[in-house]
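J.: Sharing a structure here in structure tokens format.
The values are calculated or read from the model by the stated rules, or taken from the named source; none is laboratory data. Please read all numbers here as calculations on a predicted model, not as lab measurements. For neighbour counting, all protein chains shown are included, and Cβ atoms are generated from backbone atoms with ideal geometry for every residue, glycine included. Heavy atoms of the whole protein, side chains included, go into the accessibility calculation; ligands, DNA and RNA do not. Shrake-Rupley method; radii C 1.70, N 1.55, O 1.52, S 1.80 Å.
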Amino acid sequence: MKGDIMLKVYHAKNTRSVRVVWLCEELGIPYELKVLNFSPADLQSAEYLAVHPLGKVPAIEDDGQVLNESGAILQYLLEKHGNGKLEPKPGSAARGRYLHWFHFAEATMMVPIGNIAQHSFIRPEDKRIPQVAAESVESTKKMLGILEKELAGKGYICGSDFTAADIMLGYDLLLCKMFGLLSDDLKNVNAYFGRLASRPAFQKATA
């Protein structure tokens, strides 16, 4: 019942909020989706700035709490609703690698991807710096090369099991696909992204 839904997810198409919707769908978490346009009219409105002072997405409201860092939101929802699903058990041998790739996706790989977006599409033309975009493309390609080697012989980034680290990385690869960076020579990465994109939860989050 809608009245029982406590979790509200603020979402804009092709933004980091894809990660949050994707996780909710994978775990079957009831949520109310608040769809925003990726525009100042929505993101810089007084109403939304009261939720997220930087005017970015995602944000969630849950039991009186407001969170707006995508990785933190995923960890929060996993702790509250996951029941051990989509992540190795704390203290297990697999936990360290899982945490590495979970945080690599945002703290490392999203930095140049975000710069590509800012200096190729989002900023007004007179505010874009082509050199920053070009250097960020090269940096992203280097990271894709790292993933290509890491994924050799693996179904998912941590091995045979799909985890929340794949959700974090999958969003990065969605943008790489949109920016034309998933070249044919990245056979492992392309096959991996194909597996992620075939998941019904991914398709719901990116619809």
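J.: Assign unit charges at the C-beta atoms only (+1 for Lys and Arg, -1 for Asp and Glu), then state the dipole size of segment 73-124 relative to its Cα centre in Debye, rounded to the nearest 20.
T.: It comes to approximately 100 debye.
J.: Which value does Rg/Rh take for the chain over its C-alpha atoms, Rh per Kirkwood?
T.: Answer for the chain: 0.97.
J.: In square nanometres, what is the average projected area of the Cα convex hull of segment 12-75?
T.: 4.3 nm²
J.: Sticking with this one: With labels modelled as points extended 7 Å from the Cα through the Cβ direction, what inter-label distance (nm, one decimal) is found for residue 148 paired with residue 92?
T.: Label-label distance for residue 148 and residue 92, simple model: 3.1 nm.
J.: So, one more: Which order do the peptides 64-71, 173-180, 157-164 come out in when sorted by mean C-beta neighbours inside 10 angstrom, highest first?
T.: Top of the packing list down: 157-164, 173-180, 64-71.
J.: Treating only the Cβ atoms of Lys and Arg (+1) and Asp and Glu (-1) as charged, compute the dipole magnitude of the chain about its Cα centre; round to the nearest 20 debye.
T.: Once rounded to the nearest 20, the dipole reads 340 debye.
J.: Moving to a separate point now. Taking 0.36 nm per intervening residue step and subtracting the Cα-Cα distance, what contour gain separates residue 178 from residue 72 on full extension?
T.: Here the segment from residue 178 to residue 72 would lengthen by 35.7 nm.
J.: Another question, if that's okay. Leaving ligands, DNA and RNA out of it, work out the accessible area of residue 184 with a 1.4 Å probe and give it in Å² to the nearest 10.
T.: Here the residue's solvent-accessible area equals roughly 140 Å².
J.: Same structure, new question: Would you mind calculating the gained length between residue 35 and residue 185 on full extension (0.36 nm times residue separation, minus the Cα-Cα distance), in nm to one decimal?
T.: Once the chain is fully extended between residue 35 and residue 185, it gains 50.4 nm.
J.: Still on this model: Work out the length of the dipole vector of segment 27-117 about its Cα centre, built from +1 on the beta-carbon of each Lys and Arg and -1 on the beta-carbon of each Asp and Glu, and round it to the nearest 20 debye.
T.: Result for segment 27-117 is approximately 480 debye, rounded to the nearest 20.
J.: Also, I was wondering about something else. Output the peptides 41-48, 193-200 sorted from most to least packed, where packing is the average of other Cβ atoms within 10 Å over each peptide's residues.
T.: The most tightly packed comes first, giving 193-200, 41-48.
J.: On to the next question. Out of the total accessible area of segment 9-110 (probe 1.4 Å, heavy atoms of protein only), what percent is carbon and sulfur?
T.: Taking all protein chains in place, segment 9-110 shows 53 percent carbon and sulfur surface.
J.: Sticking with this structure for a sec: Under a crude label model (7 Å from the Cα following the beta-carbon direction), how far is residue 161 from residue 81 in nanometres?
T.: 2.0 nm
J.: Work out the FRET efficiency for residue 50 and residue 123 from their Cβ-Cβ distance, taking R0 = 22 Å, and round it to the nearest 0.05.
T.: 0.30
J.: Please compute the per residue accessible area over segment 9-129 with all protein chains in place, 1.4 Å probe, rounded to a whole number of Å².
T.: I get 52 Å² per residue for segment 9-129.
J.: Of the accessible area of segment 145-207, with the probe set at 1.4 angstrom, what percent is carbon plus sulfur?
T.: 53 percent
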